[in-house]
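**Student:** One structure, pasted below without further comment.
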Amino acid sequence: MVDSLPVSDMVAVYRAALGGAFTLSDPTLSIVVDPQLLPRTGGLAGGDTLAPAVIAAMRASGLVQGLCKIPLKASGVPLTCNAERAGYVARFSQPFGMPGDTVQVNLVVQQYSIAGGRPEQRLRFERAYVVVREGATWRAVREARLSAP
């Protein structure tokens, strides 16, 4: 079941999931977000769109630096996004409610290049994170690697 959370909690859950995959304090890290949510059925095709308020809050907090779409099908051409520097595109699922103050969120990440920059290797992975609310904060407590889309 999809858990409806306030915008601030959605951003905190997505931050916790990204923190499971990356060292968010790394000043060289650049993350952009795919505005399309992962579908409930698996794969990349379909899915609703992230609420504009969630995208705006993610950008305002510095969690993501822009938008870019992950291609639905693998190709031999490296992904290029309109960004200041090369980095990673993140595409999230809705948070799925679990018992207690716990949600699961799925995350697909793909490395991207920038126009005029050197092509990045085609790195793509998918993970599921169990994220728990502890007081006012959310923390990823478990990670599962899923098969690549």
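The values are calculated or read from the model by the stated rules, or taken from the named source; none is laboratory data. In this text, all values refer to a predicted model and were calculated from it rather than measured experimentally. Heads up, the Cβs are rebuilt from the backbone with ideal geometry, glycines too, and the neighbour counts pull from every protein chain shown.
**Student:** Please work out if L5 is farther than 16 Å from L107 by Cα, assigned to a loop (DSSP other than H, G, I, E, B), of a type in the set (A, V, I, L, M, F, W, C) and in contact (Cβ under 8 Å) with a residue 60 or more places away in the chain. Break it down stepwise before answering.
**Tutor:** Numbers: farther than 16 Å from L107 by Cα: yes; assigned to a loop (DSSP other than H, G, I, E, B): yes; of a type in the set (A, V, I, L, M, F, W, C): yes; in contact (Cβ under 8 Å) with a residue 60 or more places away in the chain: yes.
Criteria met by L5.
**Student:** Still on this structure: For residues that are among the small types (G, A, S), surrounded by fewer than 12 Cβ atoms within 10 Å (Cβ to Cβ) and out of contact with any strand residue (DSSP E or B) (no Cβ under 8 Å at 6 or more places or on another chain), scanning just the stretch 111-144, find the one that is farthest from A12 (Cα to Cα). Spell out the reasoning first.
**Tutor:** In the first step, residues of the stretch 111-144 are kept if they are among the small types (G, A, S); the result is 113, 115-117, 128, 135-136, 140, 144.
Still in the running and surrounded by fewer than 12 Cβ atoms within 10 Å (Cβ to Cβ): 115-116, 135-136, 144.
Filter once more, keeping what is out of contact with any strand residue (DSSP E or B) (no Cβ under 8 Å at 6 or more places or on another chain): 116, 135-136.
Details: G116: 33, G135: 12, A136: 10 Å.
By that ranking, first place goes to G116.
**Student:** I'm checking my understanding of the structure. Among residues of the stretch 84-137 that are of a type in the set (A, V, I, L, M) and not in a strand (DSSP E or B), which one is nearest to A74 (Cα to Cα)? Reasoning before the result, please.
**Tutor:** Here is the first cut: in the stretch 84-137, the residues of a type in the set (A, V, I, L, M) are 86, 89-90, 98, 103, 105, 107-109, 114-115, 123, 128, 130-132, 136.
Going one step further and asking which of them are not in a strand (DSSP E or B), we end up with 86, 115, 123, 136.
Details: A86: 19, A115: 19, L123: 11, A136: 39 Å.
This residue is L123.
**Student:** Among the numbered criteria (1) within 11 Å of the chain's Cα centre (by Cα); (2) at pLDDT below 95, which one does M58 miss?
**Tutor:** (2)
**Student:** Sort out which residues of the stretch 11-65 are in a helix (DSSP H, G or I) and closer than 22 Å to I114 by Cβ, and write them in order of number.
**Tutor:** L18, A21, I55, M58, R59
Each row is one residue, and each column tells you yes or no for (1) surrounded by 13 or more Cβ atoms within 10 Å (Cβ to Cβ); (2) more than 16 Å from D9 (Cβ to Cβ).
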{"residue": "G43", "(1), (2)": "no, yes"}
{"residue": "A51", "(1), (2)": "yes, no"}
{"residue": "Q65", "(1), (2)": "yes, yes"}
{"residue": "K69", "(1), (2)": "yes, yes"}
{"residue": "S75", "(1), (2)": "no, yes"}
{"residue": "Y88", "(1), (2)": "yes, yes"}
{"residue": "F96", "(1), (2)": "yes, no"}
